[in-house]
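The structure appears below as structure tokens.
The values are calculated or read from the model by the stated rules, or taken from the named source; none is laboratory data. Small disclaimer: the values here were computed from a predicted structure and weren't measured. Using ideal geometry, Cβ is built from the backbone for each residue, glycine included, and neighbour counts are taken over all protein chains shown. Accessible surface is based on the protein model in full, side chains and every heavy atom, while ligands, DNA and RNA are left aside. Shrake-Rupley method; radii C 1.70, N 1.55, O 1.52, S 1.80 Å.
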Amino acid sequence: FQPKVLAGRRVLITAGPTFEPLDPVRGITNRSSGKMGFALARAAQQAGADVRLIAGPVALETPWGVYREDVQTAQQMHDAVMQAVADCDIFIAVAAVADWRVDHVSEHKIKKTADRKMPSFTFVENPDILAAVAKLPHAPFCVGFAAESGDLDVHGEEKRVRKNVPLLIGNLGPQTFGRDDNEVALFEAGGVTKLPRADKTTLAQTLVGEIARRLPDTSLI
Ligand code: C5P
């Protein structure tokens, strides 16, 4: 039995990587299977929420009862989130968004040249979707994720404050990509709470409970 802790809540989730094309056949991306974001979408739906999932390119099935929209680039993910965000109470940014894109995507496949001259690219910054949502005047309850290659204790709280979100979930293990289990810590103004290592399905259920406990009580508004 699972209590419907998110009954009546509308949840928007980003998941997976983004893909930024260089030319029609190549691009840059981030390592992310989308498993954690999809597990959270499933757990939130099972907890009674109305869930909209905006997914980068992943090879995963849509969880039952979840409305899914597929995107490729960070800009597309940003636009899809901004379209949907006014209708949501909770925003969970799980996607591993590529920080940069090339300023000009080549219309044709970039050819190798006879003199073996390497191509060069100029990168521009992608929008920070989570920070943009957190800045909105009527921002939903925002939850961020962070994967660092080290020193999460320091960077987790710094990142939470920088992104201006009440809750940031930090991946503790360096090897979370594509795995079925994960170990995380919750960073919030009151301090850091480490959760035990668990498979992503169990962890998603725990996180949904942790998020639900921290929501402003709408019955008091
Ligand atoms: O700064 P960093 O990429 O480590 O921040 C991670 C958090 O910010 C994640 O919740 C991620 O989904 C979100 N993010 C975003 N848009 C970006 C970069 C990160 O929403 N362009």
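Table for the structure above
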| read-out | value |
| --- | --- |
| Derived scalar couplings ³J(HN,Hα) [region 58-75; Karplus, 6.51 cos²θ - 1.76 cosθ + 1.60; whole Hz; x for Gly, Pro] | 9, 10, 9, 7, 5, x, 4, x, 9, 8, 10, 10, 9, 9, 10, 9, 4, 4 |
| Region 1-69 shape via C-alpha gyration tensor axes, a/c threshold 1.5 | prolate |
| Kirkwood-Stokes translational diffusion coefficient of region 69-200, alpha-carbon pairs, 37 °C, 0.692 mPa s, µm²/s | 192 |
| Assigned charges on the beta-carbon of Lys, Arg, Asp, Glu; the chain dipole about Cα centre (debye) | 300 |
| Shape of region 115-167, Cα gyration tensor, a/c cut at 1.5 | oblate |
| Heavy-atom accessible area order for R213, R52, R116, largest first, 1.4 Å probe | R116, R213, R52 |
| Distant-in-sequence amide H partners of F19 (H built 1.01 Å from N, under 5 Å) | T73, A74 |
| 5 angstrom amide H check on G27, placed H, neighbours 5+ away | L22 |
| Loop-exposed chymotrypsin sites (Phe, Trp or Tyr not before Pro) per DSSP, neighbour cap 13 Cβ within 10 angstrom, longest uninterrupted part of the chain | 65-221 |
| Exposure ranking of K35, K159 by accessible area [1.4 Å probe, largest first] | K35, K159 |
| Where E61, E158 fall by accessible area, highest first, once all protein chains stay in place (1.4 Å) | E61, E158 |
| Derived scalar couplings ³J(HN,Hα) [region 194-199; Karplus, 6.51 cos²θ - 1.76 cosθ + 1.60; whole Hz; x for Gly, Pro] | 8, 9, x, 4, 8, 5 |
| In order through region 25-40: 3J(HN,Hα) via Karplus (6.51 cos²θ - 1.76 cosθ + 1.60), integer Hz, x for Gly, Pro | 10, 10, x, 10, 8, 10, 7, 6, 7, x, 4, 5, x, 5, 5, 5 |
| Amide H partners (placed H, <5 Å) of D181, local residues excluded | K200 |
| Stokes-Einstein D (µm²/s) once Rh is taken as the Kirkwood radius of region 43-123 over alpha-carbon pairs, at 10 °C in 1.306 mPa s | 101 |
| Sum of -39500 (n - 2.57) over DSSP H runs of 4+, divided by residues of the chain (222 nm, nearest 500) | -7500 deg cm²/dmol |
| Environment charge of G34, counting only residues whose C-beta is closer than 13 Å and scoring Lys/Arg +1, Asp/Glu -1 | +3 |
| Where only alpha carbons of the chain are counted, the Rg and the Dmax (Å) | 18.2, 70 |
